[in-house]
1. Going highest first, how would you order 66-74, 119-127 by mean Cβ packing within 10 Å?
2. Please build a GNM for the chain, connecting alpha carbons under 10 Å apart, and tell me which residue among 40, 58, 85 fluctuates the most.
3. How many angstrom separate the Cα center of segment 1-45 from the Cα center of segment 48-92?
4. By count of other Cβ within 10 Å, fewest leading, how are 141, 106 ordered?
5. Which FRET efficiency value, to the nearest 0.05, do you get for residue 78 and residue 110 by plugging their Cβ-Cβ distance into 1/(1 + (r/R0)^6) with R0 = 22 Å?
6. In the chain, what % of DSSP beta bridges are antiparallel (nearest 5)?
7. Nearest 0.05, what FRET efficiency do residue 167 and residue 94 give at R0 = 45 Å with Cβ-Cβ as r?
8. By how many degrees, 0 to 90 and rounded to 10, does the Cα axis of helix 137-150 deviate from the longest principal axis of the chain?
């Protein structure tokens, strides 16, 4: 089966002032696959994902993303006020908006269908009218992923999507992500080594630089199941 490259990093480096978070990053991401991004705390996982998402620019090197593919980035932190009176459907609908929003503009039927389909894909059917402040941590993470799906992005980048979730919620999330890779390219940074490597196709081990593994099982075998702290 032919694998189509969608993202390539070539000798990428990024420094915060005098401290280089990552350097000599060289790897390829392939279309419609799930890539696990693992490594120790402070090793550069979040920096790598922000570089890929275009949130920061490399000091050196090239990041090539297929021009026809859009990227949705989901932060490890909930960066909005969850007490704001908005429903799950209303939040997910905001993912369908373009950058230029017209005042008093109504959502189209197509936008609503995309939002409802995205909610269904993360197993939140029936939660459309529920306030986001009524969601559990796992449900909120899934709603945020639904918002990214509603944007119609081809590449979904998740930074510690399983952070602060209990075991059951995290495993439910992994099952959803595994199902999404049939038509999305997904990158997930995680400390839950065994679980994420079990569902990933490939892996990138990040410790200032990156080591690419064509099979996630190759990395799992090399690490011997050790937990990365």
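1. Numbers: 66-74: 14.9, 119-127: 17.9.
Taking the mean over residues of other Cβ atoms within 10 Å, the ranking is 119-127, 66-74.
2. 85
3. Using only Cα atoms to place each centre, the spacing works out to 15 Å.
4. Least crowded to most crowded, the residues run 106, 141.
5. Numbers: r = 28 Å, r/R0 = 1.27.
Given R0 = 22 Å and the Cβ-Cβ separation, E is 0.20.
6. Here the antiparallel bridges make up roughly 55 percent for the chain.
7. 0.90
8. Helix 137-150 and the main axis of the chain meet at about 90 degrees.
All of the numbers you see were taken from the coordinates with simple rules; none came from a lab. What you see is a predicted model, and the numbers here were worked out from it, not measured in a lab. Positions of Cβ are generated from backbone atoms using ideal geometry, with glycine treated the same way; all protein chains shown enter the neighbour counts.
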